[in-house]
Amino acid sequence: MKQFTLLVIFALVCQIALAGNKKDQDDYNMGTLFNRNKSNGGYGAISLNYSQIDNKDAFIMGARGAWVIDHSLAIGLGGYGFINGVDTDYIFENNHEYDLAGGYGGLILEPILAPRLPVHISVPVLLGIGGVAFVDSYDDWDNWYYDDDQSDVFLVLEPGVELEFNMSKHVRMAASLSYRFTSDIEMETIDPDVMEGPTVGLVFKFGKF
């Protein structure tokens with residue numbers, strides 16, 4: 001009887017110990033931002049985009065890099081440069097025509113929806129700062145010069161949506177659509193909202209997703 005009692009007590013102690021160990025293991029496996037159960041990666045990307053600025057065709061080229069958290073959220077930095085032919089009606093009182101050129105960049109937050117599907121959606125949002133200027137396009141090779149006297153700085157918010165295709169384990173391609181919201185542009189003969197508008201393009205991403 002005494003041996004039976006000791007056996008029961010030993011079994012109870014083992015059960016309590018195992019339960020405590022399981023709880024500790026569950027606590028250890030609890031999902032956190034930086035634990036080992038998350039799969040983190042990163043990518044670099046280039047983008048080729050089309051937009052209209054001041055009702056003229058504009059080419060926008062960009063690049064970005066981001067840290068990918070558990071396949072579902074990317075955080076990084078991005079930048080874009082653009083150039084656009086602008087009808088300025090000789091605003092500087094000479095016989096030169098000018099282009100509107102500049103760039104912008106900043107922080108990018110990008111939720112990724114159903115990333116394991118071969119075709120899925122991401123929703124990048126850029127928040128940053130940019131600059132725009134008139135660039136003299138006078139094509140006289142003997143007297144060519146650059147003039148940036150007319151310029152301004154602006155804040156930019158650009159939310160977008162991308163339809164992504166998993167081309168391989170480390171390569172993705174996306175069709176993108178976004179819209180630029182900016183602070184007012186204060187330049188001669190230019191509308192304050194000249195930089196606002198939609199953009200469409202292609203994005204090529206390389207990395208661990």
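Here are a few things to note about the model shown:
- Net charge of Cβ neighbours under 11 Å - reference residue 64; Lys, Arg +1; Asp, Glu -1: 0
- Residue 189 versus residue 127: modelled label distance in nm, points set 7 Å from Cα along the beta carbon direction: 3.7
A short reminder: the numbers here are calculations on the coordinates, not readings from a lab. Since we're looking at a predicted model, the values are computed, not measured. Please note: Cβ atoms are built from the backbone with ideal geometry, for glycine as well, and neighbour counts cover all protein chains shown.
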